[in-house]
Amino acid sequence: MNYVEFKGGNCLEIKKIGVLGAGTMGMGIAQVSVEAGYSVVLIDVVPEIVGKAVIRLNQVWAKAIEKGKVTAETVANFNALLVSGTDINDFKDVDIVIEAIVEDIDIKKKVQKQLGEICKNDTILATNTSALSITEIAAATNRPNKVLGMHFFNPVPVMKLVEVIPGVVTTDNTAQVVMELSRKIGKEPVLAKESPGFIVNRILVPYMNEAANVYQEGIASAEEIDKAMKLGAGMPMGPLALADMVGIDIVLAVCEFFVKEFADSKYRPSLAFRQKVRAGHLGVKTGRGFYDYNM
Ligand code: 3HC
């Protein structure tokens with residue numbers, strides 16, 4: 001076993017990464033990990049999702065070859081580092097699993113418990129939750145001291161930040177290993193204490209929610225709201241386009257979680273979010289949200 005020295009003691013060196021969930025986030029996490037030279041096992045229980053992710057990754061890399069950013073040989077190496085499939089038993093020899101599945105605490109607890117039973121004793125279990133309690137997820141496993149939040153941002157290949165969130169009993173070593181891993185895959189980690197939404201979503205989700213209220217009240221159109229925030233507040237994209245990109249279902253779920261956790265109505269989700277979700281207009285991923293992406 002290889003160990004590297006950190007301030008807090010000896011830590012496992014990550015060589016092989018498991019990514020569970022091949023949706024937008026999981027695919028992006030697998031991409032940056034492979035590009036940084038790690039062996040990656042990408043698993044999704046739905047064969048179509050994992051199949052699509054591998055096709056999409058190769059489209060991204062084909063574009064990168066066209067732009068002269070990488071060679072065909074490098075892309076062949078990326079593919080050699082990537083193993084994909086549908087069986088989570090394939091995680092048995094990974095050093096860390098980064099779970100990026102549906103944002104549902106009961107499902108996450110069940111899956112993380114299963115991961116604990118499958119993985120080696122020293123494997124770290126990370127969750128890419130947007131807002132949920134790390135401690136609660138950790139407590140469902142056989143290794144709560146090796147469970148933590150590793151929160152990436154969409155689009156993963158572009159956004160530099162990773163929030164690293166230890167739970168109540170997570171060891172310093174575990175957090176240090178994940179901080180270091182984040183740097184090695186080209187990200188800037190920040191350490192955040194466990195609290196609903198951590199840092200970014202605590203601030204960003206109420207911002208998107210208020211934009212949806214402004215839309216719902218008919219104060220301005222989606223285009224005008226987004227234009228106003230881009231030109232008036234220097235945002236890289238407007239809040240409603242951002243909600244479409246993140247997924248309106250996810251933003252709504254985080255608002256609902258905040259209302260419950262903080263017992264504070266200031267986080268009450270906008271009716272606009274509820275109506276879009278009820279209509280199945282979840283944003284870019286369904287082709288329609290505040291904007292129509294099929295046109
Ligand atoms: N996937 C991969 N790469 C992408 C991408 C995507 N979805 N979108 C853009 N890029 C890449 C482009 O290929 C381009 O790369 P290049 O310079 O090497 O050619 C680069 O990003 C810039 O792209 P564009 O010029 O087309 O677009 P912009 O300059 O307008 O940038 C953006 C696009 C990066 C999405 C920018 O608008 C932005 O930063 N938006 C804010 C995103 C944000 O706030 N994300 C956080 C959401 S919250 C979250 O994820 C947490 C979760 O828990 C909810």
message: Between a residue in region 255-284 that is over 15 Å from Ala131 (Cα atoms) and at pLDDT 95 or above and any residue that is open to solvent by 80 Å² or more (accessible area, probe 1.4 Å) and part of a loop (DSSP other than H, G, I, E, B), which pairs come within a Cβ distance under 6 Å, given they are 6 or more apart or on different chains?
response: Val284/Tyr293
message: If I ask for residues that are away from the ligand (no atom under 15 Å from the Cβ), farther than 18 Å from Arg143 by Cα, open to solvent by 60 Å² or more (accessible area, probe 1.4 Å) and not in a loop (DSSP other than H, G, I, E, B), which ones from region 158-199 would you list?
response: Arg183, Lys184, Leu191
message: Can you list residue pairs whose Cβ atoms sit under 6 Å apart, with the first residue in region 98-112 being polar (S, T, N, Q) and the second being open to solvent by less than 50 Å² (accessible area, probe 1.4 Å) and in a helix (DSSP H, G or I)? Count only pairs 6 or more apart in sequence or on different chains.
response: Gln112/Ile137
- line: Subset of region 56-105, residues away from the ligand (no atom under 16 Å from the Cβ), more than 17 Å from Val32 (Cα to Cα) and touching an Asp or Glu at 6+ places or on another chain (Cβ under 9 Å), comes to Gly85, Thr86
task: Kindly indicate the residue of region 233-258 that is open to solvent by 10 Å² or more (accessible area, probe 1.4 Å) and under 15 Å from Glu103 (Cβ atoms) and also farthest from the ligand (Cβ to nearest atom) among those meeting that condition.
output: Glu256
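Considering each of Ile124, Ile199, Ile98, Ile107 in turn, give the residue that is out of contact with any strand residue (DSSP E or B) (no Cβ under 9 Å at 6 or more places or on another chain) and among the β-branched types (Val, Ile, Thr).
Values: Ile124 fails: out of contact with any strand residue (DSSP E or B) (no Cβ under 9 Å at 6 or more places or on another chain); Ile199 fails: out of contact with any strand residue (DSSP E or B) (no Cβ under 9 Å at 6 or more places or on another chain); Ile98 fails: out of contact with any strand residue (DSSP E or B) (no Cβ under 9 Å at 6 or more places or on another chain).
After ruling out the rest, the residue left standing is Ile107.
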message: Please count how many residues of region 275-293 are open to solvent by 70 Å² or more (accessible area, probe 1.4 Å) and assigned to a helix (DSSP H, G or I).
response: 4
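The values are calculated or read from the model by the stated rules, or taken from the named source; none is laboratory data. None of these values were measured; they are calculated from a predicted model. Note that each Cβ is placed from the backbone with ideal geometry, even for glycine, and that neighbours are counted across all protein chains shown. Protein only, heavy atoms only, side chains kept; ligands, DNA and RNA dropped before computing areas. Shrake-Rupley method; radii C 1.70, N 1.55, O 1.52, S 1.80 Å.
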